[in-house]
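For reference, the structure discussed in these notes is given below.
Derivation of every value follows stated rules applied to the coordinates shown; laboratory data play no part. The model shown is predicted, which means the values in this text are computed figures rather than measured ones. With ideal geometry, Cβ positions are generated from the backbone for all residues, glycine too; neighbour counts draw on all protein chains shown.
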Amino acid sequence: MKNIHSVITVQQMPLLRLLLSLITGIIFQYCFFLPLYPFLIVGSLAIVVVAAFPLVSVKNQLIFRKIAGTALLMLFISIGGILSFEKNGTHDKEWIGNYYKPNLQVLVTIQEPLVTKAKSYKALARADAVLINNHWQSINGNVLLYFLKGIKSPNVTYGSQIIIRTQLSTIENERNPGSFDYKQFCLFNHIYYQSFLKANDYLLLSTKSTNLLGSSIIKARFKVLNILRRNFTNTITLSVAEALLIGYRDDLDKTLIQAYNNTGVIHIIIISGMRMGMIYGLLLYLFSPFKNKKWIRFVKPITIMIVLWGFCLIAGGAPTVSRSAIMFSVLLIGESINRRTNVFNNLSLSAMIILLINPFTLWDAGFQLSYAAVLGIVTFYQTIRNWFFFQNKILSFLWSLSSVTIGAQILTLPLILLHFHQLPTMFLFTNLLAVPFSCIILYAELLLLLFSPISFIASFLGKTVSWMLSIMNIYITNVNDLPFSVWPNIQVSILQVIFLYGFIIGIAGWLFFKNNRSFLVGLSFFLVFTVYRCIDILLKSNQQKLIVYDVPQHSAIDIIDGNNFLFEGDNMMTQESLLSEFYLKTARIFYRIKPSNGLPYISFCKNIITSKNKTILIINKSFSNIALYEGKLKIDVLIITQNPDVQISDLLAKFDCNLYVFDSSIPPKKVVSWVKDAAANHLQCVSVGERGAFEMNL
């Protein structure tokens, strides 16, 4: 029996080639800052060539076909480049950055309900206008607002319009080595500024600006959340139920999220295409008794599409859900008009539609993982399932489920290593229970919504679902507590990910098509990956480095020798793991370092760091009595931290040093004063709070 790999050829996947061309154009424009006109010229020429194809004589069509095919690919490259340029909000004439200046008043409209944070209420707002010389100038762009908590919560809801009287600040990155590019993430979502608002910093207007679709989505989400909250008494299981059903994650416990992530089942509580597949399968089952009815041909696809897209909107239109809704819609439409196509074309079409709407979705980790997982399943599932045959139905079902999980993991693994820096070693076992169990829970939650008007049935279903979620949470947390449940702190670069995919594609080509050349290509990619990785590991094992981290209001310094480091800073940075993970973990993964009690080639004693080439002194609260030093010491770098009671003149009298580093634990006003004094004495100064982490080779 032929499988999908021996039937489907490259020629039967035209949409995949067009998708790759579209992606090429998007990446080229964004990464190389290409202007618009080259894409317009190439696109126009491509349209002319493609349009001329029907006019070519039959005799010459075979030769011209390749030229027209190449022109079509160039057309989609041009479309990708044009989209990438046009969808970049900074190229808009009315972009907020072109008009906004500090202290100008800005009119904004709240785009979502307030989200409760530890010290504030967060909301996304659309910037509508800025007041310039008593004239309201229209602008475009989004702003993140944080309403600081006070005596009472702000009377702000979806659609509320406010005038911001205080200064907006630009979105900045964390500015530590290896940190997440938050500024780019916000740019892709057209968010350019943020503001922390007190009660007197804004004026709430009586007007509102809403739209019917947005209001309907928010009302539907709140209705679903209220039903769940009425029928759940346990806050932890409630938070998982909210996430599992509609992707509402604001109530989720961070420790629980990490446990799901470590065990490889994060897709259960982060709304994913799997959820849409469950609902799609349920709808097909409900319509199956009526398959011989004439009306089923029209009622079935319309009903299923309404339900799928309704669920997609309630879930917030996340890329993974949108992808599934589009893909299933393509399947339904093709089936209803008797035009079936292969799954690779369906996937390509759904991805093209999403990228045409927002080309920057390409950089979204959820989008990448979603498509990698589905592509892995449709490519490898049948082959993996054929490895073993079980007559027992239960064993056969479990192996089928395992085959799906393994197939998805093959193509998502490089991306998981890149984005999450860890490998869940127990993913197969956790998914065996969690996936079918979450499917049952989802159907039970849908029943809860259906029977919510009948209180005693809703109460029973709520208790049942809560009990099942408790079992699943206990199972996940127990697996997470195993010492070998996750392989942490894995560092791979984008280039290494490309090498890994080259290896996977090469080996897959050899297995499916018995192509020895593919085998050699795959091994070559793996060899290059191994050599590249070994060189990086070797370089990191010989490094000697100092890092002064940018942690607001805290002191954090790593002294690195090879793969070991000593930490000097606030105790809070070691006691509060979340603070340390957010600011320090990515850098330590990037440099492949682990904590140590001592360093072989670097001395650290009485706040003095001594290496072969450098001498560095740390002045902090516990060691600020500079009168203890006799004579004038030669120091390469002087680090001031924890706001010690010293003056630049005192330091100049005791130390011969030209480079002063002020970390983020020192109040900005004091840093400004010290920098001014240092500049007056022709000293080099680095303010970590202003420039980001300070790094130096020792």
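Numerical summary
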item	result
Under-5 Å amide H pairs with residue 515, H placed in peptide plane, nonlocal only	510
Full-extension gain in nm, residue 656 to residue 229, via 0.36 nm per residue minus C-alpha separation	147.2 nm
Estimated vicinal HN-Hα couplings, Hz - segment 602-613 in sequence order (Karplus 6.51, -1.76, 1.60; Gly, Pro = x)	10, 9, 9, 9, 6, 6, 10, 9, 10, 10, 5, 10
Residues of segment 106-124 with amide N under 20 Å of the 7 Å Cα→Cβ point at residue 133	106-107
Reach of residue 670 by Cα under 23 Å, taken over lysines that are not fewer than 8 positions away in the same chain	621, 654
FRET efficiency for residue 119 and residue 211, using Cβ-Cβ distance with R0 set to 30 Å, rounded to 0.05	0.45
Whole-number Å³ per residue for the convex hull built on Cα positions in segment 96-210	115
Cα long-axis angle, helix 455-480 against the chain (0 to 90 degrees, to the nearest 10)	60
Debye log10 I(q)/I(0) for segment 365-497, one point scatterer per Cα, at q = 0.17, 0.18, 0.19, 0.21 Å⁻¹	-1.06, -1.11, -1.16, -1.23
For segment 685-698, 3J(HN,Hα) per residue [Karplus equation, 6.51 cos²θ - 1.76 cosθ + 1.60, θ = phi - 60°, Hz, x = Gly/Pro]	10, 10, 9, 4, x, 9, 9, x, 3, 9, 10, 8, 7, 9
Answer label, with volume of the Cα convex hull per residue in Å³ calculated from the coordinates and candidates (1) 219; (2) 265; (3) 235	(3)
Residue 486 long-range amide H proximity, modeled H, under 5 Å	425
Cα-centred dipole magnitude for segment 96-210, charges only on beta-carbon of K, R (+1) and D, E (-1), debye, nearest 20	340
Spherically averaged projected area of segment 41-174 from its Cα convex hull (nm²)	13.5
Hz values of 3J(HN,Hα) by residue in segment 665-674 - Karplus curve (6.51, -1.76, 1.60), Gly and Pro given as x	7, 8, x, x, 4, 5, 4, 4, 5, 5
Ranked list, fewest to most other Cβ atoms within 10 Å of each Cβ, for 471, 314	471, 314
Theoretical FRET efficiency, 1/(1+(r/R0)^6), r = Cβ-Cβ of residue 173 and residue 105, R0 22 Å, to 0.05	0.20
FRET efficiency estimate (nearest 0.05) - Cβ-Cβ, residue 691 to residue 541, R0 30 angstrom	0.55
Within straight-line cross-link reach of residue 152, lysines at Cα separation under 30 Å, skipping those fewer than 8 residues along the same chain	117, 119, 122, 198, 208, 219, 223, 254
Size of charge dipole - the chain - debye, nearest 20, with Cβ of Lys, Arg +1 and Asp, Glu -1, no other charges	2180
Highest to lowest packing among 245-256, 352-363, scored as the average C-beta count within 10 Å	352-363, 245-256
Ordering of 23-34, 655-666 by packing [mean C-beta count within 10 Å, highest first]	655-666, 23-34
Within the chain, percent of DSSP bridges classed antiparallel, to nearest 5	70
Computed [θ] at 222 nm, deg cm²/dmol, the chain (DSSP H ≥ 4; -39,500 (n - 2.57); rounded to nearest 500)	-17000 deg cm²/dmol
Net lengthening on full extension, residue 534/residue 493 (0.36 nm per residue, minus Cα-Cα)	13.5 nm
The chain: angle of helix 516-541 to the longest principal axis, Cα-based, in degrees nearest 10	20
Debye equation applied to the C-alpha atoms of segment 494-539, log10 I(q)/I(0) at 0.27 Å⁻¹	-0.83
